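The values are calculated or read from the model by the stated rules, or taken from the named source; none is laboratory data. Note that this is a predicted model, so its numbers are computed, not measured. We place every Cβ from the backbone using ideal geometry, glycine too, and count neighbours over all the protein chains shown.
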């Protein structure tokens, strides 16, 4: 039998990347499971990245992002070099870099909403192609003309093109992915590409090209200018390659996907009117949406603090008596913290909701900035600045992810544009105002704990910025918080705790698989084994959508036959089961073994009824109050051995493909077990997987005796 193509929207990943048991494995089952669990969080990011990069449209867009990011950094270096070579005045040369940066940021300061309006009104792919073609022509003209005046004018226009390109790209990314939980990983990959790989590539390429003069002893002004112009020709070619790739290879960028808007107003944001109407609609959306309003409030506090820190860093480095070298060390500490925060944000998001994580990160950053202001020593400053960077990185990634997952596609471009434009305006304003405020306070020396310390204008400025960031963070938290039953301190403790945040003291284990017979058999066997080998209460629960009497009674009595009605009633019965049986058992500290909790019903309904998986997942989240198993055992059985359902032999292939994609997207929660063979053999593999996973996650409160 030939395996059919995967379900549209869920490209198959084949059989699971690793699993317990199976004839192809050369390691023993226990060794395989143990090695998998030991990999833990380190393997998680790799699995998530591979899952996202397996999506062809996103992978191509990621490659285009590389081309454009390398072009952006190369253009910055080359244009700075051209300005420096165009004058011999030392003061003018010292302003070359700032002038190039300012002219490229100026469009974002002047025309903030324009890029978002284009992204929401027009075809995003065409907008990106036009922007890339514009950048190609402008940089080509700068290289040919060579006039300093045209260099700055052309650079300003290049910034205008970037203003159109970036919101369209950011707004289109969520539409290329399979699941909403992949948006965060996609944002991480984009930031790694833009601020990591692309920077290294651009710096290396620029050094290699401009170093030709030194290597061949060609030190004339003409040769240096020629090398710099060559770099601009290369940058123009990169933008042209990006335009061609987007136009011919990524048609999915034109896709529009409507999701549930965050605004209380049920009306969908309007994109049919003129630009004025779209601006008013975006303002109304921000005004009526607590989530977006809180996001912008928190961002204002965060970037005021960041602008104050960067603007005062040179003088602050002197005040901690570290010399000029401390200035560089502080920047290194800040960027190490930023990278760490962006890398750790997904793990924190699994401990508390993102809307709370964002506010907590801002509040923590504000409090940490107070410590930076009061720091008496360089070592303390380096530690506190690194922590500040971690909070800022986590907040920035969380904010971008919230926009990508929670904001409707029809208005996402405008919200992205507002978010990024306000970031530039506030950051630039903070940097410009900080030196003025610092200059108002005359520096003087004091002795603290027997050590001399210089108190200058940087200290009160940083104290004020820290207080402002803290207040804004609290306001953002209160705006975005959708559950007030837990205090902010409890969430702070959960965020810094090594132990995963649990909604109850019990343990929830779900058995997922392709068929009811397999999951029912293995769930029953596992529950029986746990009752005999665990000192805690064990509850066996079944999927209410399978044979629950209440479900069939409601469907029959109400005459409901449609797939959507079936899904809604099943969700209602599942919600009752969670509230009536599962949650109370978990609160008592029991072990609950659930047959087909969410994933298998979701996969079957999306395949058999053709319902949207995102809508089904949202419905399941609502019904279960986002309760998810501590351990999900996926029975990976060869669909060719199963009986075709209703004459459709492809059904089981599609369901298994969806389930393996889910496991690949969240390897921390899933353990994949070979489901082929006798029930006893599969049961032995399930036991090995569960025992090893519990040991690896240090769930010592559910101690198990040796297998009998």
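Remarks
- Qualifying residue in region 349-359 (condition: in contact with a helix residue (DSSP H, G or I) (Cβ under 7 Å, 6 or more places away or on another chain), over 30 Å from residue 625 (Cα atoms), buried (at least 17 other Cβ atoms within 10 Å of the Cβ) and at pLDDT 80 or above): no
- Subset of region 201-225 that is surrounded by fewer than 16 Cβ atoms within 10 Å (Cβ to Cβ) and closer than 27 Å to residue 65 by Cα - its residue that is modelled with the lowest pLDDT: 211
Yes or no, residue by residue, for (1) without any contact (Cβ under 8 Å) to a residue 60 or more places away in the chain; (2) surrounded by fewer than 22 Cβ atoms within 10 Å (Cβ to Cβ); (3) over 25 Å from residue 430 (Cα atoms):
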residue: 111; (1), (2), (3): yes, yes, no
residue: 120; (1), (2), (3): no, no, yes
residue: 123; (1), (2), (3): no, yes, yes
residue: 150; (1), (2), (3): yes, yes, yes
residue: 155; (1), (2), (3): no, no, no
residue: 193; (1), (2), (3): no, yes, yes
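- Residue within region 260-276 that is assigned to a helix (DSSP H, G or I), within 25 Å of residue 410 (Cβ to Cβ) and modelled with pLDDT under 85 present: yes
- For residue 420: the one exception among (1) part of a helix (DSSP H, G or I); (2) closer than 26 Å to residue 460 by Cβ; (3) modelled with pLDDT under 75: (2)
- Checklist (1) surrounded by fewer than 22 Cβ atoms within 10 Å (Cβ to Cβ); (2) modelled with pLDDT of 90 or more; (3) within 26 Å of the chain's Cα centre (by Cα) applied to residue 105, failing item: (2)
- The criterion of at least 3 residues that are surrounded by 21 or more Cβ atoms within 10 Å (Cβ to Cβ) and at pLDDT below 75 is met by none of the strands (runs of 3 or more DSSP E) wholly inside region 585-703.
- Residue in region 62-76 that is in a helix (DSSP H, G or I), at pLDDT below 90 and touching a helix residue (DSSP H, G or I) at 6+ places or on another chain (Cβ under 8 Å) present: yes
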